[in-house]
Each structure stands twice: as structure tokens, then as C-alpha cells.
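The values are calculated or read from the model by the stated rules, or taken from the named source; none is laboratory data. What you see is a predicted model; the values in this text were computed from it and never measured. In this analysis, Cβ positions are derived from the backbone assuming ideal geometry, glycine residues included, and neighbour counts consider all displayed protein chains. The area values use the complete protein model at the heavy-atom level, side chains included, leaving out ligands, DNA and RNA. Shrake-Rupley method; radii C 1.70, N 1.55, O 1.52, S 1.80 Å.
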Amino acid sequence: LGIKELIGKGTSSFRHSSEIRNFNVEKGSSIVNRILVAPGETFSFIKNLGKVSLDNGFKQAYVINKGKTVLDVGGGICQVSTTIFRAALNAGLPIVTRTAHAYRVAYYEQRGFKMGLDATVWAPAVDLQFKNDTDNYLLVQVVVDPATAKLQVDIYGAKDGRRVELTDPVVSNIKGAPPDK
């Protein structure tokens, strides 16, 4: 399949998370682990994850819905999509679809990450997609370390000489948080 080496890695921390959110992070990670992406194929997080429901084993945890933090099924799966986004970005793969959260989520900026490196998902309308524009298959491998609360996504393929350089984010239109209710 032409898979020879690590071409991109993404990490994130979930040490801030509740036990239930951690459960959803681990469940979502196990589903999208070891996905093969053929040359020319577009990876879809939502397609690979499947239906997020209580019947499929997900639990209720906090999510952002319509600009508010509320309990809903699958809270925590954005941690997985965010980490896959970072790996695809670091591999230099074209990002087809990616949406930031409705507001800044501070824990995505832990361990030195700049703002803007998150990817929210909300089936079926909001997805994370990247294209395999290489000549070889890609392997998406997800590693969860509950002891250190670290999530890591490795994308394996074959290096083709592309170079990735991330610049600092441009911040504008800053608005303060509304009063607590």
C-alpha cells in the first residue's frame, strides 16, 4: 500500500475532562483508529465515526450547541476530530472541510498550541475532511493514554518532500464573554 513512515502527528490533552467526556474521547478514538485512506480519497470524520447516539454507546457530556454549552450525546468527540485535524495539517494534507468551535475552548490551547487549531464536528452537517492527495495509502492511527490524558493521532504514508510551516494566528473581532447565568 506504500505506507512506509510517519508523515504527520497531532496531539491534544484531555486532562481537564470529566470521566464521562473521557469515555467519549476513548470511544470515538477506538472507532476511527486504523482507518486506511486510499490515494485520491477524502477522509470524513463523520462518515468513519458513524452515528453518535446512546444506542451506539456514547454518553452525554458537555458540547457547544448554538453557541451555548449544554449536555448532549457525544461530548468529547471534538477532541478526536481536533487531534486528527492537527495530524493532517502537520502532514501537509489538504483540509477539505473544517470548522472551528463557536467560541474559544481554552483546553485546546494547552501544551503550547495556538488558538485556531481545533475542529468541531456535529453530524451530519459539520464534518472534518481531508484529502489524500498522495500516491499512496494513508493509515490514521489513534493512541489514547489515559494515564497522561494525552491523545495522539499519527498519519503514516510515504514522504513526498512537502514541507509544513504553521504561522501565528491572526486574531480579530475579539468579544468578551457574556455574563454568567
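Which residues, taken from region 68-100, are modelled with pLDDT under 90 and surrounded by 15 or more Cβ atoms within 10 Å (Cβ to Cβ)? Full working, then the answer.
If we filter region 68-100 for residues that are modelled with pLDDT under 90, which is where we start, we get 68-69, 99-100.
Thr99, Ala100 - these are the residues of region 68-100 that are modelled with pLDDT under 90 and surrounded by 15 or more Cβ atoms within 10 Å (Cβ to Cβ).
I need the full set of residues from region 114-134 which are of a type in the set (Lys, Arg) and touching a strand residue (DSSP E or B) at 6+ places or on another chain (Cβ under 9 Å), in order please.
Lys131 - this is the single residue of region 114-134 that is of a type in the set (Lys, Arg) and touching a strand residue (DSSP E or B) at 6+ places or on another chain (Cβ under 9 Å).
In region 10-24, what residues are under 28 Å from Glu165 (Cα atoms) and either hydrophobic (A, V, I, L, M, F, W, C) or surrounded by 16 or more Cβ atoms within 10 Å (Cβ to Cβ) (or both)?
Result: Gly10, Thr11, Ser12, Ser13, Phe14.
Does region 123-145 contain any residue that is open to solvent by 80 Å² or more (accessible area, probe 1.4 Å), under 17 Å from the mean Cα position of the chain (by Cα) and closer than 30 Å to Gly40 by Cβ?
Yes - at least one qualifying residue is present in region 123-145.
What residue, of Val171, Val142, is of a type outside the set (Asp, Glu) and in a strand (DSSP E or B)?
Checking each option against the conditions leaves just Val142.
Within region 103-122, track down each residue that is within 16 Å of Thr11 (Cβ to Cβ), open to solvent by 70 Å² or more (accessible area, probe 1.4 Å) and part of a loop (DSSP other than H, G, I, E, B).
Across region 103-122, the qualifying residue is only Lys114.
Considering only residues that are among the polar types (S, T, N, Q) and open to solvent by less than 30 Å² (accessible area, probe 1.4 Å), which ones fall in region 25-47? It would help to see each step written out before you state the result.
Restricting attention to region 25-47, the residues satisfying the condition of being among the polar types (S, T, N, Q) are 29-30, 33, 42, 44.
Hits for region 25-47 are Ser29, Ser44.
On the given criteria, is Gly92 in contact with a Lys or Arg (Cβ under 8 Å, 6 or more places away or on another chain), in contact (Cβ under 8 Å) with a residue 40 or more places away in the chain and part of a loop (DSSP other than H, G, I, E, B)? Before the answer, list the steps.
On the way: in contact with a Lys or Arg (Cβ under 8 Å, 6 or more places away or on another chain): yes; in contact (Cβ under 8 Å) with a residue 40 or more places away in the chain: yes; part of a loop (DSSP other than H, G, I, E, B): yes.
It is true that Gly92 is in contact with a Lys or Arg (Cβ under 8 Å, 6 or more places away or on another chain), in contact (Cβ under 8 Å) with a residue 40 or more places away in the chain and part of a loop (DSSP other than H, G, I, E, B).
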